[in-house]
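Please read the structure below before turning to the comments.
The values are calculated or read from the model by the stated rules, or taken from the named source; none is laboratory data. These numbers were taken from a predicted model, which means no experiment stands behind them. So basically every Cβ, Gly included, is an ideal-geometry build from the backbone, and we count neighbours across all protein chains shown. Side chains included, ligands, DNA and RNA excluded: accessible areas come from the protein's heavy atoms. Shrake-Rupley method; radii C 1.70, N 1.55, O 1.52, S 1.80 Å.
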Amino acid sequence: TQSTWDTQDRVGKMEKKTHPGEFDYETAISTLKTMNEDQKKIDVTLFLELCKLFTKISGSMGYLVSWGFDDINDKCRLLAEHIARYPECKTVHEIVEKEISLNYHVLSGGNGEKYGYKKGEPMFLYESAARTILRMLWFLTLLTHIFKNLIQYPEELMSNIASKSYSDSIAKFHTVVLREGIKAAFMTVPTRNDFMEKAFGTKDKKFFTECPVSYTHLTLPTSDLVQISVVAVSLKKKK
């Protein structure tokens, strides 16, 4: 079976490309390749760095979308705090399983009282790593759809690409009001050429089919992580 990464020669040639944009796709490719070597042992710090890297793309999608993605920046900060809190947990699975063992995975930052914590106690406003990771995975899932649709619809408007990608991926997790607000924000994104130039330093429509970024929608390690995160946040606190 042909490798997702195609041949080493192809990857080597593509990684020599440079671009002036903020988003460093060479680092993204290298990070994705490492993470996919074993999806059950994904270094949690590496996962954090990948999410931080991809948040830079939002800056190429206009003010409103960038502002909306600020929540992911907050999630990155929160996950960094969890990594520091649980230094013995080296992988994404380990940090989620740690919270499950402590019954912390159900805490969302505002439901501490429901689980017996009193105002002023450290855990009262605790927002779990499991919940945080799940939201970060939703963000990555949205990006995979955007990349996939950029490849599949090379002539489509960027606003339509963004809106379709959202509707087909994570819209189902949001309220009706939030969905409409997000779709309205996506209507304000720059043109496809402007987005490509700001994010990747090129207007070339062949970009996504000629570099390993075109494989991102196949290689982002989301499915297994989503499964463990969903299991984590759906479990009830043990009595």
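So what J values fall out for region 180-190 if you push phi through Karplus, 6.51 cos²θ - 1.76 cosθ + 1.60 with θ = phi - 60°, rounded to Hz, Gly and Pro as x?
Each residue of region 180-190 in turn: 5, x, 5, 5, 5, 5, 5, 6, 9, 5, x Hz.
Of all the accessible heavy-atom surface of region 56-100, with the other protein chains kept in place and a 1.4 Å probe, what percent is carbon and sulfur?
C and S atoms contribute 56 percent here.
Show me 116-127, 62-73 ranked by packing, highest mean number of other Cβ atoms within 10 Å first.
Descending packing order for the listed peptides: 62-73, 116-127.
Rank by packing, highest mean first: peptides 192-202, 101-111, 170-180, with packing defined as the count of other Cβ atoms within 10 Å averaged across residues.
Highest-to-lowest ranking by the protection proxy: 192-202, 101-111, 170-180.
Leaving out ligands and nucleic acids, and using a 1.4 Å probe, what accessible area per residue does region 27-94 come to in Å²?
In whole numbers, region 27-94 has 48 Å² accessible per residue.
When the accessible area of region 118-170 is computed with all protein chains present and a 1.4 Å probe, what percentage of it is carbon and sulfur?
Result for region 118-170: 53 percent of the exposed heavy-atom area is carbon or sulfur.
Mind running the shape call on region 138-189? Use the C-alpha gyration tensor, a ≥ b ≥ c as the square roots of the eigenvalues: rounded below 1.5 for a/c, prolate if a/b tops b/c, oblate otherwise.
Oblate, because a/c is 1.5 or more while a/b does not exceed b/c.
Per residue, how large is the accessible surface of region 106-180? Use a 1.4 angstrom probe and give square angstrom.
49
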